[in-house]
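Remarks on the structure that follows.
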Amino acid sequence: MQPTAVCALHRLHAYDLILLDLQMPGMDGFAVMEALKTNDAQGYLPVIVLTAQPGHKLRALQAGAKDFISKPFDLVEVRTRIHNMLEVRVLYRWLESQNQALEKVVRDRTAELRESEARYRSLTELACDWYWEQDAKHRFVMLSGAVTASTGLHTVDCIGKTHWDLPSLNLTGLDWERHRQLLESHQEFRDLEIRWPDTEGRMHWSSVSGAPIFSATGVFRGYRGVGRDVTAQKLAAEQIHRLAFYDALTGLPNRRLLQEQLKKTLQLNIRHRLRGALLFIDLDNFKTLNDTLGHDVGDVLLQQVAGRLGTCVREADTVARLGGDEFVVVLEDLSEDAMDAASQAEVVGKKILSTLNAPYRLAGREHRSSPSIGITLIGEAVQSVDDLLKQADLAMYQAKAAGRNTLRFFDVAMQSEVDSRVAMESDLRDGLQGGEELELHFQPMVNSQGHILGAEALVRWQQPQRGLVMPTDFIPLAETTGLILPLGKWVLHTACRQLAMWAQDPQLAHLTLAVNVSARELREPDFVDQVAKALERSGASAQRLRLELTETMLVHRVEDIIVKMTQLRDLGLGFSLDDFGTGYSSLSYLKQLPLDLLKIDHSFVRDVLNDPNDAAIARTIVGLGQSLGLSVVAEGVETQAQKDFLADIGCLTYQGFYFADPMPIDAFNAFVRNGIAKS
């Protein structure tokens, strides 16, 4: 048999033992063993050689045989060696299987470790931007990840240095000392925020967390941790803070921040017996600028005003914008003496007046603007922020009333007036709830023959505690508080219901009724719809209703007013222009307005017999009315002589005490039924 044949059989059967005689006819035992080695990866040969030559025994063992049997055979020896060989073989196979199993375990564990490492790396990259380790002396020994992108520092510049050796813009030496004490106590730390120096105009903020490292025996080895780039979050937080506490247009502190700073100022003043002042600044005629040149130009003016105010105060003082054209200046650390503090505040106030009166360059043109300033002192007494703002605001309105472009100080008399107005406002709100306290009085309009053509509806307020309150006392309050809207709506609906009732009475059906409309009402987007609904619900004739506008309403947004008047005219309503001659309306606009009637203001009628100027104005208004095809009514006629003069110049319709006072509805109806008035 050839050696290759033996190898083939061994590959097929995987023998546990092969007895091989080294001296076989035609075969060489050593060649067989050499061929058998290729069957086993480790070259294991399950071979016991048989030989009678002592020199071949060592050579056989060196060739790979596991044992030998000497010739001639000793059967006991043969059995023993075969038995031992088989036991070794069994043990070898068992060890081989254990080794394979162990290798599989190692492979599996290696794969799991690699997967775990990849998972950890992925999570770490998601949770942080860089990883770091420090030695027992808190010096960096390793940094990996986006260190430069996050901090602006290079890894090589950090190795061998502590955190406090590196530059930071937000942490002081005291801050680092506290951090160092924490590290010396081997405590974990989280979210230490560090502002690194800017690089290439870019801000760098990091949030660093770390935990101590200990050996298996508990020896402190240093720290390891992570860092996150929180620059975007910091920028977003800063933007949110600016939006919350600063005015977007001017960059000045807004109302919220002003109130916070004022609270601190008040506390300091009380604690340290200091004085300060609050200046409330409002730009005169700012709305006119906005309406004529546009809001963009108005915004430019506000920005320039903000810049100029900053030049008028010290660095410790505060300039804020409340909104619109209202600014506030808070002066701190003034004299302890009240009069001296007032003088210091007045100096600053006059400086602001002068600075804001200087020309502005707006939309390529020179523009002038002036402020009205109200000042209140911040003293030792306990005051609230709201009280201070109200006091300065009231003083500012006193400056407006004094002719604008000036300053006024708050005093106790003003406060009394404020309290009175607040109480009246509350009573008026209550009175408007059901309308029971309100009533219309009617003043006749009479022609030259004494015929009563109609009336003007005038509201009266019968307040249970105050008694009869006249319009001059509560109408201005209603206009400034916005209560003019519900009040005007009540007057309109009541007037329409009265027209509907007159229409049922043949003696009264011819009457027209004039209702005064405020600028605030006319600016309401749905004003036309409100009038139409009032007519529809009451059943009143639109041809009998006339709305009275004042000339001062025509200063702003005239085009919008013309559109609304035209829509109401299409419904059948008439219009009269009240107090004509006291305002600044343009004649070009006057021609465009769908008016029916001009009213000569009572201020001209009162002295028409004594003042040539008033007489000339009256003649001009009558002539203008005639040229425009408008009727003319004279208000405030109190004497026969005034009525005769007006008739001579062509004014043939009158209203005033000479004919009748405004009266309740029952008295007015009786007055009309009685027939001819004075002629």
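The values are calculated or read from the model by the stated rules, or taken from the named source; none is laboratory data. All values derive from a computational prediction rather than experimental measurement. As a convention, Cβ positions derive from the backbone with ideal geometry for all residues, glycine included, and neighbour counts pool all protein chains shown.
Some notes on this structure:
- Taken together, the criteria exclude ARG557 from residues that are at pLDDT 95 or above and basic (Lys, Arg).
- The residue that is surrounded by the most Cβ atoms within 10 Å (Cβ to Cβ), counting only those in the range 139-154 that are at pLDDT below 90 and closer than 19 Å to GLY222 by Cβ, is VAL147.
- Listed by first and then second residue, the pairs with beta-carbon distance under 7 Å, at least 6 apart or on different chains, first residue in the range 514-533 and more than 29 Å from ILE452 (Cβ to Cβ) and without any contact (Cβ under 8 Å) to a residue 40 or more places away in the chain, second charged (D, E, K, R) and assigned to a helix (DSSP H, G or I), are PHE527/GLU521; PHE527/LYS564.
- Near pairs, Cβ below 9 angstrom, 6+ apart or cross-chain, from the range 37-58 (closer than 15 Å to VAL88 by Cβ) to any residue that is at pLDDT below 75 and part of a loop (DSSP other than H, G, I, E, B): PRO46/ASP40
- The criterion of at least 3 residues that are aliphatic (A, V, I, L, M) and in the same structural domain as GLU536 (by TED's automatic domain parsing) is met by the following strands (runs of 3 or more DSSP E) wholly inside the range 560-674: 597-600, 631-635.
- Hits in the range 255-296 - residues which are among the hydroxyl-bearing types (Ser, Thr, Tyr) and in contact with a Pro (Cβ under 7 Å, 6 or more places away or on another chain): none
- Within the range 604-630, considering residues that are in contact with an Asp or Glu (Cβ under 8 Å, 6 or more places away or on another chain) and not hydrophobic (A, V, I, L, M, F, W, C), the one surrounded by the fewest Cβ atoms within 10 Å (Cβ to Cβ): ASP607
- Which numbered condition GLY276 fails, given (1) over 22 Å from LEU394 (Cα atoms); (2) small (Gly, Ala, Ser); (3) touching an Asp or Glu at 6+ places or on another chain (Cβ under 8 Å): (1)
- Test: PHE214 is hydrophobic (A, V, I, L, M, F, W, C) and in contact with a helix residue (DSSP H, G or I) (Cβ under 7 Å, 6 or more places away or on another chain): no
- Counting only strands (runs of 3 or more DSSP E) wholly contained in the range 289-371, the ones carrying 1 or more residues that are of a type outside the set (Ser, Thr, Tyr), without any contact (Cβ under 8 Å) to a residue 60 or more places away in the chain and within 18 Å of LYS400 (Cα to Cα) occupy 326-334.
- Selection count, the range 262-273, where residues are over 17 Å from ASP393 (Cα atoms) and buried (at least 17 other Cβ atoms within 10 Å of the Cβ): 3
- Failed item in (1) loosely packed, with under 15 Cβ neighbours inside 10 Å; (2) closer than 20 Å to LYS599 by Cβ, with ASP505 passing the rest: (2)
- Residue match in the range 395-411 (condition: of a type in the set (Ser, Thr, Tyr) and either surrounded by fewer than 15 Cβ atoms within 10 Å (Cβ to Cβ) or more than 35 Å from the chain's Cα centre (by Cα) (or both)): no
- Any hit, the range 448-463, residues being of a type in the set (Asp, Glu), surrounded by 16 or more Cβ atoms within 10 Å (Cβ to Cβ), in a helix (DSSP H, G or I) and assigned by TED's automatic domain parsing to the domain that holds ASP578: no
- Reported count of residues in the range 125-137, each being at pLDDT 55 or above and farther than 17 Å from THR155 by Cβ, is 2.
- Condition met for LEU377 (in contact (Cβ under 8 Å) with a residue 60 or more places away in the chain, buried (at least 17 other Cβ atoms within 10 Å of the Cβ), closer than 18 Å to ALA342 by Cβ and over 31 Å from the mean Cα position of the chain (by Cα)): yes
- Residues of the range 31-55 satisfying the condition of being surrounded by 14 or more Cβ atoms within 10 Å (Cβ to Cβ), of a type in the set (Ser, Thr, Tyr) and either in a loop (DSSP other than H, G, I, E, B) or modelled with pLDDT under 75 (or both): TYR44
- Residues of the range 484-502 that are free of Cβ contacts under 8 Å to residues at least 40 places away in the same chain and more than 24 Å from ARG673 (Cα to Cα): ILE484, LEU485, GLY488.
- The set of residues from the range 70-109 being out of contact with any Lys or Arg (no Cβ under 8 Å at 6 or more places or on another chain) and among the β-branched types (Val, Ile, Thr) comprises VAL76, VAL78, THR80, ILE82, VAL90, VAL105, VAL106.
So that you can scan it fast, the table gives a plain yes or no per residue for (1) over 21 Å from PHE140 (Cα atoms); (2) surrounded by 18 or more Cβ atoms within 10 Å (Cβ to Cβ); (3) among the aromatic types (Phe, Trp, Tyr):
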site	(1), (2), (3)
TRP164	no, no, yes
PRO167	no, no, no
ILE194	no, yes, no
ASP198	yes, no, no
ALA211	no, no, no
PHE220	no, no, yes
GLU238	yes, no, no
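- Single unsatisfied condition, ALA248 versus (1) crowded, with 18+ Cβ neighbours inside 10 Å; (2) free of Cβ contacts under 8 Å to residues at least 12 places away in the same chain; (3) not in a helix (DSSP H, G or I): (1)
- Note on the range 481-543: enclosed helices (runs of 4 or more DSSP H) holding 3 or more residues that are over 23 Å from ASP291 (Cβ atoms) are 484-502, 527-538.
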